[in-house]
Every structure is written in C-alpha cells, then in structure tokens.
Amino acid sequence: MTDERGHKQGKQAYEELAKEKRLGIFARIYLMMLAYLDDSIRIRNHIDAAKAAALSINRQLPRSHTERYKLRTIWYWYPLYCLGGLAFISFIILTISGVVLALYYVPDYQPQEVFEARDSVQRIMEEVNLGYVLRGVHHWGAHLMVACVFLHMMRVYFVGAYKKPRELNWVLGVMLLGITFFFAYSGYLLPADQLAIAAATIGQKMFGSIPGLGDMLAGIMFGGTTITKDLIPRMYVLHVWILPFVLFGLMVLHMFIVWLQGMAEPH
C-alpha cells in the first residue's frame, strides 16, 4: 500500500516537473519574441503610448447616464427595452449570413433571356451545404430585425422617450427605420423571382409618381421606368455595399447617444 502511494506521488511529481518544463519552454519563446519585437520596432514605446492615450480618453469621456445617476441596470433588461439590442444582434446575424450568401449569389438578370440571379439562389438552396438553412436564417433574421426596429420605435413613441433631450436620437431612429425598410426591400428583390419583380414594379411606379423628379429617381434606383437588366445589379450594390455601412454607422451613433443620455426608464 505504501509502495503504491509512493508510486502515485512520484508519478505526480514527474508530471508536474514535465509541465513546468513545458511552461518554461513557452515562457522562453514568449520572452524571446518580446525581446525581438522590442529590439526591432520598440514595441514598449507603442504600448506605453497606447496606455497613455486610453487613459486620456477615459478622463475626457463623460460618464454614462447609469454611472451619473447610479441607476440599477435591471432597467436595461426590461423586455420592451431590449428591442434595440435585438435589432442590433439581428443585424450582426444578417451580416454574417449575407457575406456567405454573397459568395454564391450572381447579381445578373436578363429579362426573358437569362435568370442567373434566380438560378444562383436555387443553387444555394439545393447544392450548397446547409444553403437552405443559411438562406432561412438570413430570411427570418431580416423579418426579426424589421419587427424589432418597428416595435422599438413604437415603444419610444408611446412612452414619450422622443421628447427633450432626446430629439436628435429620435430623428436618428426615424432614419434608421427608413433605411431598415429599404434594406429589407432591396434584399427582397435579389432572388429575382415573380414576387420580387412584382415588388420592383410597384416600387418603380411609386418613385416614378413623384412630381418632377419621378423619372430621374426611378432611373437612379431601378435603372429606368421599366424593369431592365440594371435592376438587380443596382439593388445588389445598395444591399451589399452601401446600406450596411450607412446603417452600421448610424446605429453606432444612435447607441452612443443612448449610452450618454440613457433610456427613458419604465414606469
């Protein structure tokens, strides 16, 4: 019994020694890497400068609404007060799934000749691994984001959170709502199926009905006053390269103002 216990203790001591030896090797590699970086690019100077800049920014940045008035953060978990956060999470999910879908999507549409855009969507659903699931996540994520943004605006309106001093953030919220709707609309047209073309025709007529500028705006947004091959490429550029960046920038500004002013607490 004593021999068995001694054997276990010796084995444990050996394992600890081996572990320390491995850690010693990693520590030496880490120190050698730091020494090389410090010798070649003076990394310590950059780290010290970054620490000083961060300290200066933290000193100048005003305290948040919660910090200033020592509010309980439980307010921020009130169900109707999580809609903005859910919209942002939906946007992140849409961005990730949209990037993957863009790898297989072909923004080409030739009326009555080649329906490459529609065929590429069909290939995503039938041939790409988990393509059907990926498109479903993107589809329902878009619905969730639109619903969350709309309900968020309704909550802000009915609790009077748009009043002073939150007028600027209310205007930003209205802009975000409009961009979100157009974001969803442009994505709805990309499959280039019958429903998409019908929706594009309705939007085209609506733009064209604007007095004076209708035809010009319809030409800019839809490539003309009738459905042409320019429709899908324009909507693709808007949906992938313009609206996401505009929406993300406004969302960051919107959330920063919320961080400063705080949300109107539930009653």
Inset, instruction - Rounded to the nearest 0.05, what FRET efficiency do A264 and M175 give with R0 = 25 Å and r taken as the Cβ-Cβ distance? Could you check? - result: 0.80
Inset, instruction - Just order 233-241, 32-40 by mean Cβ neighbour count inside 10 Å, highest at the front, would you? - result: 233-241, 32-40
Inset, instruction - Among T226, S186, A117, flag the residue with its Cα farthest along the positive direction of the charge dipole of segment 77-261, charges on Cβ as +1 for Lys/Arg and -1 for Asp/Glu. - result: S186
Inset, instruction - Rounded to whole Hz and in sequence order, give me ³J(HN,Hα) for segment 192-199 from the Karplus expression 6.51 cos²θ - 1.76 cosθ + 1.60, θ = phi - 60°, writing x for Gly and Pro. - result: 6, 8, 5, 5, 5, 5, 5, 5
Legend entry - At R0 = 41 Å, FRET efficiency that the Cβ-Cβ distance of H139 and I47 yields, to 0.05: 0.35
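Values quoted throughout were computed directly from the atomic coordinates according to the rules given, and no laboratory measurement underlies them. Computed from a prediction, not measured in an experiment: that's the story for all the values here. FYI the Cβ positions are ideal-geometry reconstructions off the backbone, even for glycines, and counts take in every protein chain you see.
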